[in-house]
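Dropping the structure in here first, questions after.
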Amino acid sequence: METIKHLHWSLILGLGALALLRPLANIMNISDYFGKGTVALTTTVAISLAWILIVGLSRVNHPVLVLVFSGMAYAVYSTILSGILSPILTGELQGPLATPIAIIPILLVNAVWGAVAGLLALGVQRLRGVGAGSPETGHLQR
């Protein structure tokens, strides 16, 4: 529990917000030009690469936990965004808030996405020689 308390929360919340590019691309109808699957895959890969590089090239402790929580932050942000925008755009509440049972799977899927990205970021850190023998504070290493 102490580890979670000392994670780099501003980074976690920022990375979660960065992932909002995915629903933003959908809202902006970019998929009308490139295809829905292509846009979803491209934005997911781009966000994943950004997460991996930002965390992997930094000296953040606990990169897996940081990105698990970033994925969960994105899930919360996108759920709230859907709850605000779906009534405006479609005239009715849609998404996870309309079917609350969907919230748990959304959190889990995005936590897994973060875990995979976190493992890759950890690999990048290890390749750089970061993390081995460092203090486990959960903050950026100094």
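The values are calculated or read from the model by the stated rules, or taken from the named source; none is laboratory data. Values in this document were obtained by computation on a predicted structure and should not be read as measured data. Glycine also receives a Cβ, built like all others from the backbone with ideal geometry; neighbour counts cover every protein chain displayed. To get the accessible areas, we keep the full protein, side chains included, count just its heavy atoms, and leave off ligands, DNA and RNA. Shrake-Rupley method; radii C 1.70, N 1.55, O 1.52, S 1.80 Å.
Pull up all non-local amide H partners of Val60: gap of 5 or more, or a different chain, and H-to-H distance under 5 Å with H placed in the peptide plane.
The answer is Gln141.
When the accessible area of the chain is computed with all protein chains present and a 1.4 Å probe, what percentage of it is carbon and sulfur?
It is 73 percent, rounded to a whole number.
What accessible area per residue, rounded to a whole number of Å², is obtained for the chain using a probe radius of 1.4 Å?
Ligands and nucleic acids excluded, the result is 57 Å² per residue.
How big, on average over all directions, is the shadow cast by the Cα convex hull of segment 35-90, in nm²?
With every direction weighted equally, the projected area is 4.8 nm².
Relative to a virtual label point 7 Å from the Cα of His6 in the Cα→beta-carbon direction, which members of segment 55-70 show backbone nitrogen distances below 19 Å?
59-69
Given springs between every Cα pair under 10 Å in a Gaussian network model of the chain, which of Gly83, Gly129, Gly16 has the largest fluctuation?
Of the options given, Gly129 has the highest mean-square fluctuation.
Find, to one decimal place in angstroms, the Kirkwood hydrodynamic radius of the chain, where the mean of 1/r is taken over every pair of different Cα atoms and then inverted.
It is 15.9 Å.
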